[in-house]
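What follows is one structure encoded as C-alpha cells, with my remarks underneath.
The values are calculated or read from the model by the stated rules, or taken from the named source; none is laboratory data. It should be emphasised that the depicted structure is a prediction, and the values quoted were computed from it without experimental measurement. Neighbour counts run over all protein chains shown; Cβ positions are idealised from the backbone, glycine included. Note: areas computed on protein heavy atoms with side chains; ligands, DNA, RNA excluded. Shrake-Rupley method; radii C 1.70, N 1.55, O 1.52, S 1.80 Å.
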Amino acid sequence: MYSILLVEDEITIRENIRKGILWEQYGFYIHDAVSNGEEALESLEKFQPDILLTDIRMPFMDGLELSRIVRKLVPEIRIIILSGYMEFAYAKEAITLGVEEYLVKPITPMKVVRTFTALKEKMDRELQASENYNMLVNRLRETEARLSQLQDGRINTEDLVNERKREEKLREFLQSGRCSDAARFAQTYVNDAGARLGRSRTFTSYFLSGTILSCVKEFEMIGGDPQQLLEEISDPADVAMDAGSREAVCEEVRKLLVRILSYRDKVVDRSYDVVGKAEKYIKDHYQEANLSASDVARYVGLSTSHFSCIFKQQMGAGFVKYLTQVRIEQAKLLLCSTPMTTAEIAELVGYSNSNYFSMVFHKNVGMTAMAYRGKENRGT
C-alpha cells in the first residue's frame with residue numbers, strides 16, 4: 001500500500017477525507033493528517049510518505065510553497081493539490097512543480113477515488129519497472145539453491161569452505177584494494193576457484209552468482225545503489241555458456257571490482273569529513289529559501305538517503321531540524337544587532353514567508369521575534 005500525508009487546515013474537510021473514503025480498499029492509507037505546513041514538514045521527515053495531499057489555502061504557508069519545499073526535500077514524492085477555486089496562476093505553478101492532480105473543491109469521494117485509482121496504476125507500473133534489480137538478485141539466489149542438485153555442479157563441504165575464504169579475501173580487497181590491482185586480484189580470485197570453473201557451466205554460474213551477491217552486499221554497505229552496480233553486469237548463466245568462460249568470468253569480476261573501488265575512492269574515503277563539509281555548506285547557504293538535503297548531499301558526493309542517515313547519526317538531528325536551528329540562531333543575532341524588521345530578517349535567513357518564519361521562531365524560542373528583541377535589548 002502507498003502512504004499519504006494529508007495537509008488540510010479545516011478540520012471538517014480533513015476528517016471527511018480521512019474517514020470518508022475506504023482508502024485501504026484502493027491500495028492507500030492515511031499515514032498522518034496535519035493542519036499546516038510546519039507540521040507537514042516534521043511529519044515528512046519522520047514518516048517519508050509516498051504521496052502529499054495538501055490544501056492550497058493554509059495559514060503561514062500555502063500548499064504551493066509547501067509543495068516547492070517538499071519537492072526539493074523528497075524529489076520522488078507524488079503531490080496532489082486541493083483548491084477552493086481554479087485560477088490559472090495557481091494551476092500553472094502546480095504544473096511547474098510536477099503536481100499529479102489539481103482538485104477543485106468541493107471534492108466528492110468519487111472524484112478523489114478516480115484520481116487516486118489512476119495514480120495507483122501509474123505508481124504500480126513504475127514500481128514494476130524498478131523491480132528488475134530485485135528480480136535479478138532473486139534469480140541469482142535461486143540459481144545458488146538449484147545448482148547443488150545438478151550432476152556436474154554438486155557443491156560439497158570443501159566448496160563451501162573455499163567459498164567462505166574467497167568471500168573474505170574479496171571483502172578485504174574491496175575495503176583496502178586499489179583499482180590498479182583489480183585485474184591481478186580478479187585473476188588470482190578466479191584461479192582459487194579450481195579447475196571446474198570454466199569446465200562446468202553449473203559451477204561457473206554458481207561461482208559468479210555468489211561473487212555478484214557478495215559485491216552487492218559490500219556496495220550497499222558503503223552506501224551505493226545496487227541497481228546501478230548491476231546495470232551492465234552479464235547474466236551468470238550467459239557467462240557460463242561462453243566458450244572461454246574462465247576468461248569471461250575473470251573480466252566480469254574485474255569490472256565489478258573497478259566499479260566498487262571507484263565508488264569507494266570517490267565517496268567513502270571522503271565520508272570521514274562529510275558532516276563537517278555539510279555543516280559548512282549549510283552555514284554558507286542557509287539564506288537560500290530552497291536549500292534542501294539533496295543539495296547538500298550532492299555537494300558532499302553522497303546519495304540523499306545515505307547523507308541524511310550519516311548526518312542524523314553524527315549530529316543527533318535531521319537535516320530540516322538542523323537547518324532550522326542555524327536559521328533561528330542567525331535571526332536571533334540580527335534581532336539583537338540590527339534595526340531590521342522581522343520580514344527583512346526572515347528573508348535574510350532563508351524564509352520567503354515572514355508569517356511562517358514568525359511561527360517557526362516562536363516554536364523554537366518560546367516567544368515572538370519582537371518579544372525576543374525587546375528582552376535582549378533590556379538585557380534580561
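Efficiency by 1/(1 + (r/R0)^6): what FRET value for ASP273 and GLU376, r their Cβ-Cβ distance, R0 = 35 Å, to the nearest 0.05?
Details: r = 35 Å, r/R0 = 1.00.
Result of the calculation: an efficiency of 0.50.
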Query - Solvent-accessible surface ranking, highest first, for ARG196, ARG164 at 1.4 angstrom - result: ARG164, ARG196
Report summary line: Simple SL model, points at 7 angstrom along Cα→Cβ for ASP235 and ALA183; separation in nm is 3.0
**Report entry** Theoretical gain in end-to-end length, LYS19 to ALA317 [0.36 nm per residue, Cα-Cα removed]
**Finding:** 103.9 nm
Query raised in the report: Separation between the GLU329 and GLU247 pseudo-spin-labels, each 7 Å from Cα along Cα→Cβ, expressed in nm?
Result: 6.1
Report task. For LYS283 and SER176, compute 0.36 nm times the residue count separating them, minus their Cα-Cα distance, and round to one decimal in nm. Result -> 35.1 nm
Query raised in the report: Between ALA195 and THR117, how many nm apart are label points set 7 Å from Cα along the C-beta direction?
Result: 6.7
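Determine the sum of side-chain charges near ASP284: Lys and Arg each +1, Asp and Glu each -1, restricted to other residues whose C-beta is under 12 angstrom from that of ASP284.
With Lys, Arg at +1 and Asp, Glu at -1, the net is 0.
Computed FRET efficiency, Cβ-Cβ of ALA343 and ASP265, R0 41 Å: what is it to the nearest 0.05?
Details: r = 47 Å, r/R0 = 1.16.
Once rounded, the FRET efficiency stands at 0.30.
In this model, which of LYS277/LYS312; LYS280/LYS321; LYS266/LYS321; LYS169/LYS255; LYS277/LYS321 are farther than 22 Å apart at the alpha-carbon? Don't skip to the answer; put the middle values down first.
Values: LYS277/LYS312 14 Å; LYS280/LYS321 16 Å; LYS266/LYS321 28 Å; LYS169/LYS255 17 Å; LYS277/LYS321 17 Å.
Among LYS277/LYS312; LYS280/LYS321; LYS266/LYS321; LYS169/LYS255; LYS277/LYS321, the Cα-Cα distance tops 22 Å for LYS266/LYS321.
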